[in-house]
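The values are calculated or read from the model by the stated rules, or taken from the named source; none is laboratory data. What you see is a predicted model; the values in this text were computed from it and never measured. Please note: Cβ atoms are built from the backbone with ideal geometry, for glycine as well, and neighbour counts cover all protein chains shown. Each accessible area value is taken on the protein alone, full model and side chains, heavy atoms only, with ligands, DNA and RNA left out. Shrake-Rupley method; radii C 1.70, N 1.55, O 1.52, S 1.80 Å.
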Amino acid sequence: MSIHEECGVFGVIAPEPCDVASISYYGLYALQHRGQESCGIVVNDDGVFVSHKDMGLVSEVFSGDILPRMPKGTMAVAHARYGTTGGTNRNNYQPIEVNHQKGRMALAHNGNLSNAVELRSELELTGAIFHTTSDTETIAYIITKERLQVPSIEEAVSRAMNTLDGAYSLVLMSPQKLICARDPYGFRPLCYGKTADGTYVVASESCAIRAVGAELIWDVEPGEILIFSKNGVVSRREHCGKKDKKLCIFEYIYFSRPDSVIDGISVHASRITAGKILAKTHPVKADVVIGAPDSGLDAALGFSQESGIPYGIGLIKNKYIGRTFISPGQGTRLDGVKIKLAAVEESVKDKRVVLVDDSIVRGNTMGRVVKLLRDAGAKEVHVRISSPPFLHPCYYGTDIDSEEHLIACKYSIPEICDIIGADSLGYFSATELHQLTGNCEFCSACFNGDYPTKIPTDTRKDRFEQRLTDIKRGADYGKGI
């Protein structure tokens, strides 16, 4: 309820022209939880790209006759965005489209580059003119630059990966090919599947693969490039194995839908495990266990199963709120809590309640949720968190960009407990995180500060927008940026 991840990507390639826009629409719908700020679809109609992008939820952007008016085609790429780098403006909507001497390209990206500032500066010094303030345009520029020197788009992607550092799961489309690539660390998930009629789909999560009637084949491996064309599927693996795998642990704790399977591990099962471990490490006498919708529900069920305390529905989420109450602003998060959530008095009145949630970032939202439960008559509220305390910012796509806003950096656990108004507070132990992934490697830098890549020189979310402002004011380009 407190943090966000910036986007979901989707791609489709069919053996014959069909309604790839609708397939993409349903794929994006399944990925809506990954980004509610804006979305877009680009259709490839025999080499002609037709797109529609706008601010809002998938159902809002493609309402009315917009989707039916999009042409049939053999390919499409799509994107749902929550911006961790770059502001909320039309230029930042994805997929990004590029026209160059050797053709066209549409690109959708999930993640953040850790060397984006350096790469963008180098490109600008060679004459590149940027129209957006996101990392994605930097990736598009580098791929395009390489494409002008090599005979194929896949070779250009491979060469670009020698330059890019950080998190990037990409889906891109040329006039003849659909290509997906995952960074060598595998920070963000990416998978692909196939329908009975031979249509291939690529998505951030397996839930989107199944949503369009396809069968999941497997996850794109860290460093792997997959090329889909009329000649079939080709895998390029020259970047595989160059780095230790570092899938973001928060994909299992919070970001992904519980019905998704990431790198062979069920998200639902992982969260159940987290709840069971919490019940062992932070037991409490209580009458009911409830979860904070949506990502706290599975962990709450696991806590209940292990502790023997009955599971109940104590909080109801309003399913019909629009993006106003899921937008990035801190003020919006505070003002929207009572509209977004409601306590079920029957479940919590005169009871000792265990409230399980995925995280506490700033503490404001959790404090208001605890108050909701007390106002509904809860005698005690014991908060259990299925992740360790956030102590460090994330540079790979999670909207945690400053230690000054992290409550755990300022206060002890007993102090946080007092601030949020709980009777007790227990966090998941960082030493137990490996149990959530079946001992697979993962990134947990936001908890321990162990970053797999070099820390970026400029970590501001609006760093590129600020640069544009400085330039307009006549500031020295090379100073203080």
Which listed residue is at pLDDT below 95 and among the aromatic types (Phe, Trp, Tyr), from 325, 428:
325
Name, by its number, the condition in (1) part of a loop (DSSP other than H, G, I, E, B); (2) open to solvent by 50 Å² or more (accessible area, probe 1.4 Å); (3) of a type outside the set (A, V, I, L, M) that does not hold for residue 276.
(1)
Among the residues of the range 250-298, count how many are under 18 Å from the mean Cα position of the chain (by Cα) and basic (Lys, Arg).
2
Lone unmet requirement of (1) modelled with pLDDT of 95 or more; (2) over 23 Å from residue 168 (Cβ atoms) for residue 202
(2)
Take the residues in the range 236-273 that are open to solvent by 20 Å² or more (accessible area, probe 1.4 Å) and of a type in the set (Lys, Arg), then tell me which one is nearest to residue 398 (Cα to Cα).
246
Is there a residue in the range 162-179 that is part of a helix (DSSP H, G or I) and either of a type outside the set (Lys, Arg) or touching a Lys or Arg at 6+ places or on another chain (Cβ under 8 Å) (or both)?
no
Can you confirm whether the range 464-478 contains a residue that is buried (at least 17 other Cβ atoms within 10 Å of the Cβ), at pLDDT below 95 and either within 21 Å of the chain's Cα centre (by Cα) or assigned to a loop (DSSP other than H, G, I, E, B) (or both)?
yes
Just wondering, is there one or more residues in the range 125-135 that are among the aliphatic types (A, V, I, L, M) and outside any loop (DSSP other than H, G, I, E, B)?
yes
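Quick test for you: out of 98, 77, 117, pick the one residue that is in a strand (DSSP E or B), open to solvent by less than 20 Å² (accessible area, probe 1.4 Å), touching a helix residue (DSSP H, G or I) at 6+ places or on another chain (Cβ under 8 Å) and among the β-branched types (Val, Ile, Thr).
Among 98, 77, 117, only 77 is in a strand (DSSP E or B), open to solvent by less than 20 Å² (accessible area, probe 1.4 Å), touching a helix residue (DSSP H, G or I) at 6+ places or on another chain (Cβ under 8 Å) and among the β-branched types (Val, Ile, Thr).
Yes/no matrix, rows are residues, columns are (1) closer than 24 Å to residue 191 by Cβ; (2) more than 19 Å from the chain's Cα centre (by Cα); (3) touching a residue at least 24 places away in the same chain (Cβ under 8 Å):
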{"position": "133", "(1), (2), (3)": "no, no, yes"}
{"position": "136", "(1), (2), (3)": "yes, no, yes"}
{"position": "140", "(1), (2), (3)": "yes, yes, yes"}
{"position": "148", "(1), (2), (3)": "no, yes, yes"}
{"position": "153", "(1), (2), (3)": "yes, yes, yes"}
{"position": "161", "(1), (2), (3)": "yes, yes, yes"}
{"position": "176", "(1), (2), (3)": "yes, yes, yes"}
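Residues are listed down the side, and each one gets a yes or a no for (1) in a strand (DSSP E or B); (2) closer than 21 Å to residue 214 by Cβ; (3) in contact with a Cys (Cβ under 9 Å, 6 or more places away or on another chain):
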{"position": "22", "(1), (2), (3)": "no, yes, no"}
{"position": "28", "(1), (2), (3)": "no, yes, yes"}
{"position": "36", "(1), (2), (3)": "no, no, no"}
{"position": "41", "(1), (2), (3)": "yes, yes, no"}
{"position": "44", "(1), (2), (3)": "yes, yes, no"}
{"position": "50", "(1), (2), (3)": "yes, no, no"}
{"position": "53", "(1), (2), (3)": "yes, no, yes"}
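Going by the structure shown, is residue 317 at pLDDT below 95, open to solvent by 20 Å² or more (accessible area, probe 1.4 Å) and at negative phi? Steps first, answer last, please.
Working: at pLDDT below 95: yes; open to solvent by 20 Å² or more (accessible area, probe 1.4 Å): yes; at negative phi: yes.
So residue 317 fits the description; yes.
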